[in-house]
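A short reminder: the numbers here are calculations on the coordinates, not readings from a lab. None of these values were measured; they are calculated from a predicted model.
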């Protein structure tokens, strides 16, 4: 076994400190550069939230249109049920993501974007509930059927 001498160990430490010193001096950032990096990261978070919010709203609006569909056959209603289940899963994931944003919200970072994100999540939840009521709860409700029949007679 070859032993490393104290001088070799000292040389290795010197080389490491020399390389670190040089690297740190070359990579020094001004306060402005550090602040710009920080602000760039915030802008990335904001842009991501805006994109995700737009996607949630788009999905919610498309699902909202479905609530007006009539005379669906059994296989289409089954697909609708799967859509509702999947949308509830997405909603749960979005809620967990929103909770993960608490640190930013508490610090006032991307406050408006986070609020809009939450509003979009709430809109999605409302649309999911509307779909479920329209196709699974209301059709079984005798009182609802009477009102629907009366409205159809007026048309």
Hey, in the GNM for the chain with a 10 angstrom Cα cutoff, which one of 134, 12, 110 fluctuates hardest?
-> 12
Express the Stokes-Einstein translational diffusion coefficient of segment 1-100 in µm² s⁻¹, to the nearest whole number, given a Kirkwood radius over alpha-carbon pairs, 37 °C and a viscosity of 0.692 mPa s.
-> 165
Considering only 15, 61, 24, give the residue with the highest GNM mean-square fluctuation for the chain, with springs between Cα atoms whenever their separation is below 10 Å.
-> 15
In degrees between 0 and 90, to the nearest 10, how far off the longest principal axis of the chain does helix 142-154 point, with axes built from Cα atoms?
-> 70
Name the residue, out of 75, 23, 37, whose mean-square fluctuation peaks in a Gaussian network model built on the chain with Cα pairs under 10 Å.
-> 23
Could you tell me how many degrees, from 0 to 90 and to the nearest 10, lie between the Cα long axis of helix 111-132 and the main elongation axis, the longest principal axis, of the Cα atoms of the chain?
-> 30
Reference-scaled alpha-carbon Rg (2.2 N^0.38 Å with N residues) for segment 33-154 | 1.43
Relative contact order of segment 1-124 (C-alpha contacts under 8 Å, at least 6 apart) in percent is 39
On Cα atoms only, tilt of 74-100 relative to the major axis of the chain in degrees = 40
